[in-house]
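Enquirer: Before we start, here is the structure in question, set down as C-alpha cells.
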C-alpha cells in the first residue's frame, strides 16, 4: 500500500477524504522566497535538500497545475540556480512530495537544470508541469532537491524559481 493511500484512509476517518476538497484547486507559483530560507551548500554525489514548502492548515497541494490536455492552462517550470557570483549551478533537480517527518518521499519530477532555464515569460521556452499527484496534506512538504555536478553554495539572492503548484482548501465542516 502506498503512503498516499494510507494518508487518504486517515483523512477519510476524520471526514477529510477527497470529497471534502473545496473547489477544483487554485494555481499558485512558488518562488525562492517560498522554498529557500537561506543560501544552501550542496555536495556532489547525492541529492541535497534546497528547501521546502510546508503545507498550511486545512490545505492540500500538488506539484504543477492544469492539464496536459489544455497546454495553455497548465503550469510551466523555470529554474535558474546560481552561486553568489552569478554562475549557473548545474546538476539534477527533483520535485518531491514528503510526509511531515520526511520519512516517506515520492519523487514527482527529475530533470537537468540546463533544461529548466528557458524563459521566465515565454511558455514555449519552459518545461510544462501539469498537475501531478500525490497531493500533500496539512504539515506535509513539497521539497526541492539538487544533485549538483560540483560542490557549491546556491545563493537565494541570485537564483530564480517559478514552480507551479495547485492548492486546495480542505473543509472539516
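The values are calculated or read from the model by the stated rules, or taken from the named source; none is laboratory data. Computed from a prediction, not measured in an experiment: that's the story for all the values here. Ideal geometry is used to build each Cβ from the backbone, glycine not excepted, and the neighbour counts take in all protein chains shown.
Enquirer: Taking region 133-143 on its own, how many of its residues are surrounded by 20 or more Cβ atoms within 10 Å (Cβ to Cβ) and part of a strand (DSSP E or B)?
Expert: So the answer is 5.
Enquirer: When you check residue 52 against the structure, is it under 17 Å from residue 29 (Cα atoms) and surrounded by 14 or more Cβ atoms within 10 Å (Cβ to Cβ), yes or no?
Expert: Yes: the conditions hold for residue 52.
Enquirer: Of everything in region 86-100 that's farther than 16 Å from residue 53 by Cβ and modelled with pLDDT of 95 or more, which residue is farthest from the chain's Cα centre (by Cα)? Walk me through how you get there before you give the answer.
Expert: Filtering region 86-100 down to residues farther than 16 Å from residue 53 by Cβ leaves 86-92.
Remaining after also requiring modelled with pLDDT of 95 or more: 87-92.
Numbers: 87: 23, 88: 20, 89: 19, 90: 19, 91: 17, 92: 14 Å.
Applying the filter and picking the extreme gives 87.
Enquirer: Please specify each residue of region 110-134 satisfying the condition of being within 15 Å of the chain's Cα centre (by Cα) and touching a residue at least 40 places away in the same chain (Cβ under 8 Å).
Expert: The answer is 127, 128, 129, 130, 131, 132, 133, 134.
Enquirer: Does any residue of region 111-127 turn out to be at pLDDT below 95 and assigned to a strand (DSSP E or B)?
Expert: There is at least one residue in region 111-127 that is at pLDDT below 95 and assigned to a strand (DSSP E or B).
Enquirer: Restricting attention to region 144-173, report how many residues are modelled with pLDDT of 95 or more, in a loop (DSSP other than H, G, I, E, B) and more than 18 Å from the chain's Cα centre (by Cα).
Expert: Qualifying residue count for the region: 6.
Enquirer: Does residue 67 satisfy the condition of being part of a loop (DSSP other than H, G, I, E, B), more than 24 Å from residue 156 (Cβ to Cβ) and touching a helix residue (DSSP H, G or I) at 6+ places or on another chain (Cβ under 8 Å)?
Expert: Here the answer is yes, as residue 67 does meet what is asked.
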